1. Once R0 is set to 22 Å, what does the formula 1/(1 + (r/R0)^6) return for the Cβ-Cβ distance between A:LYS55 and A:GLU101, expressed as a FRET efficiency to the nearest 0.05?
2. Report the local net charge at B:LEU189: Lys and Arg +1, Asp and Glu -1, summed over other residues whose C-beta lies under 10 Å from its C-beta.
3. Return the distance in nm (one decimal) between the two label points of a simple spin-label model at D:GLN103 and B:LYS125, each offset 7 Å from Cα along Cα→Cβ.
4. Once both labels are modelled 7 Å past Cα along the beta-carbon direction, what's the B:SER92-B:SER38 spacing in nm?
5. Quick check: residue separation of D:LYS12 and D:ILE38 times 0.36 nm, minus the Cα distance between them. What number comes out in nm?
6. For B:LEU99, C:LEU261, B:LEU149, B:LEU69, which order do you get if you count the other beta carbons within 10 Å of each Cβ and list the fewest first?
7. Before anything else, pin down the relative contact order of the range B:81-215: Cα pairs under 8 Å, at least 6 apart, normalised by residue count, whole percent.
8. Using a cut-off of 12 Å between beta-carbons, work out the net charge of the residues near C:PHE152 (Lys and Arg +1, Asp and Glu -1, C:PHE152 not included).
Amino acid sequence: MNLFRRQFLRLTSVVGALGVTGLSALELVLQAPSALAAVWNKPGFESKVVEEVMKSLGATNAQPSAEIHINAPDIAENGAVVPIEVTSRINNTQSIALIAEKNPFPLAAQVELLNGAEPYFYVRIKMGQTSRIQVLVKADGKFYTAHKEIKITIGGCG
Amino acid sequence: MKAITDQWVRGYRLGAIPLLLFFSACSQWTASFIDVRSNAETMVMGAYSATPELNQRAVQDPSQKICSLMPDESLTQDQMTFVTDAAKHSVSYPNSGHLTGDWKKGAELVADGTGQRIVNGQIEKLARNGALCNNCHQIDPKEVNAGNLGPSLVGYAKLRGRSETVIRYTYEKIYNAWAFLPCSNMPRLGANHFLTPEQIADVVAYLTDPQSPVNAP
Amino acid sequence: MLISLFFRCRLLNKQKQAGFLAMVLMLFLSLASGLAQSLETPQDGLAIGRQLLAEDNPGDLWTERGKRLFHSNRGPKNKSLETCDLGLGPGITKGAFAQLPRYFNDTKSVQDLESRLLTCMVEIQGFARAELISRRFGTLDQDSDIEALVAFIGSDSNNLPMNIGLSHPLERVMYETGKILFYRRSGPLDFACMTCHGETGKRVRLQDLPNMTKKEEIQQAVTTGWPAYRGTHSTVRTMQHRLSDCNWQMRLPDLNYASDLSVAITTFLNYSANGGLIKLPGVRR
Amino acid sequence: MAEPMKIRATLKNNMAEIRVLVAHPMETGQRKDATGAIVPTHFIHSMTVHLNETLVYDGQWSQAISRNPVFALRIKGAKIGDKVVVHWMDNKNDKRNDEITLQA
């Protein structure tokens with residue numbers, strides 16, 4: 001069973017028990033184009049603490065890996081658009097998650113790569129301040145991690 | 001006030017554009033007929049709709065006029081003397097008589113690129129203007145966000161010492177750079193009332209104090 | 001050391017000399033490249049980010065929206081812009097940007113893309129000029145139609161060379177006046193355009209400043225410049241916005257939208273960029 | 001209401017690279033508008049990609065993704081004529097599907 005499906009089960013039971021309204025996990029799943037689409041990792045995305053994000057992913061024991069390559073600027077001249085490209089060379093990479101440690105909500109994205117999708121990830125994120133970004137890769141059920149410091153500057157003359 | 005506004009508007013209306021329309025019927029040589037320089041001034045008057053006081057910023061003082069050199073022009077000896085003399089006479093000093101202030105205050109000023117900008121007719125509300133230095137100069141060797149329009153000032157006092165002559169030169173250079181190099185790119189920060197004499201003294205301290213990161217070993 | 005090597009060279013016979021020179025050259029190159037690597041300029045740390053940001057341009061979304069806006073019936077008169085003459089005939093957008101600013105007979109004036117759009121949107125679609133001007137620059141709360149239209153029309157000259165004719169006398173006047181304005185210093189900071197854009201390799205903070213007195217640089221600046229997607233603003237900005245922004249940094253009052261001054265400077269710059277291949281919208285910080 | 005996405009695809013040696021531009025405000029819930037009122041959180045939380053009928057990319061996003069999002073993915077074993085379908089949904093239940101057919 002993969003990471004997100006497990007979460008799906010856990011979350012739907014939470015939703016069921018608490019009767020959470022609004023953006024309900026169950027609703028999301030029902031509206032997604034495929035029954036396989038993951039449910040939103042609410043505890044992870046709404047957490048303000050990196051450790052709790054890791055817990056939500058089940059990645060507390062992630063091992064550092066040199067097989068995760070992060071291509072991102074050392075200095076970003078605009079915190080509103082920080083491009084981050086990740087390539088994993090770890091066999092059987094299943095998912096990639098991105099954490100900007102000093103953001104108000106550190107977990108920025110998590111992506112499950114299935115059925116031929118390469119262990120590759122690219123997205124642009126907002127960063128409020130200079131911070132370390134952490135990448136978590138799940139492969140063969142185990143978690144691996146790599147990180148990079150990105151300095152955010154105020155460009156222009158200001 | 002009203003009179004100035006009227007003059008502003010009238011200046012534009014009576015300006016070169018209607019004249020150009022008249023000439024445009026003629027031929028290729030129109031451009032050589034009309035005085036493009038006064039046409040440029042007319043356009044400046046038509047480009048801004050702020051209060052007369054703010055519009056006045058776009059009007060050139062005699063030194064700015066001289067310093068607006070076109071690529072094929074160079075300063076005459078008389079112009080050079082005029083600009084330099086005007087600059088030397090402009091300099092005033094802090095009431096305290098001290099040309100060096102607090103280098104830590106100077107550090108904040110140097111990194112600050114804001115002040116006196118206008119949006120929707122309003123000048124930005126700030127406690128003080130920044131000194132804008134890092135826009136163009138590398139000064140603290142560790143500052144990443146620094147420009148290079150001006151020379152690097154890293155190790156300023158290590159290279160020059162901090163004699164009274166150096167300190168006086170530094171103060172006056174920031175106050176009015178044109179006193180030393182007429183028409184240089186550097187703004188006349190003191191003479192244009194962008195910085196106060198006390199703020200300039202703080203920046204001088206930042207450049208020359210042995211404790212300042214600028215002069216770190 | 002190089003000097004002593006040079007003198008030794010002279011003592012060698014010609015065959016050896018060639019080999020020796022090659023060796024010296026290699027030594028020099030390796031020293032130079034080593035030096036280049038050890039020099040840590042801030043630009044090195046920025047390079048990856050700039051490269052990645054240039055790869056995908058959200059400005060393309062503005063281009064698409066602008067195209068839809070151009071062809072749809074809008075405004076109090078419920079008309080499209082398909083009768084708008086941008087200089088090449090009613091509704092012709094392909095290649096129009098490459099020849100702007102230009103003289104228009106109906107308004108008896110030289111107009112850049114934006115002042116021309118204002119004319120069309122007022123005359124053809126019936127929009128109020130003041131209303132259009134108040135919404136000229138998009139904000140995070142409200143998109144600007146003009147920014148989208150400019151992205152579309154600009155991109156419809158892609159792969160064509162900039163080709164300003166200055167065939168009408170008034171265009172020549174605009175060019176000459178724009179040139180004077182480019183060098184004109186004023187304001188509390190004594191700046192002219194030239195102050196920042198007259199030398200190669202200069203930056204204000206971390207932002208590279210194109211040298212507008214050098215052909216290749218001005219071509220690059222104009223043909224890949226504005227309209228451009230501004231990352232910090234999350235929208236496409238136009239040339240009028242660029243001039244307005246420079247003007248703001250120069251501590252001058254708000255520059256009137258589509259003022260003669262702005263058209264004159266644009267005429268000077270665009271003419272100087274003639275021959276450069278257009279690739280719009282650009283991408284900027 | 002949502003604007004179409006812009007999808008670019010290149011196909012080389014059975015490897016497709018898909019690059020996507022999305023028009024979306026991605027509001028963090030921390031910004032104030034011109035009147036000083038807080039703009040409510042509004043962001044895409046689900047981004048999926050199907051190759052033909054098969055789910056290949058199952059993304060969950062937060063409000064930290066930049067305004068007008070840009071993302072990319074690579075798919076092995078793709079061929080000419082394959083259909084790539086991109087779908088997003090945001091926290092206001094606004095959603096959008098766009099597709100592209102792979103070409104040589």
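1. Numbers: r = 15 Å, r/R0 = 0.68.
After rounding to 0.05, the efficiency reads 0.90.
2. Taking every Cβ under 10 Å from that of B:LEU189, the sum is +1.
3. 5.6
4. Distance between label points: 3.6 nm.
5. 4.7 nm
6. B:LEU69, B:LEU149, B:LEU99, C:LEU261
7. 36
8. Spelling it out: positives minus negatives among the neighbours equals -1.
Taken together, the values in this text are just the output of simple stated rules run on the coordinates, not laboratory data. Small disclaimer: the values here were computed from a predicted structure and weren't measured. Because the Cβ atoms are built from the backbone with ideal geometry, glycine has one as well, and the counts that use them run over all protein chains shown.
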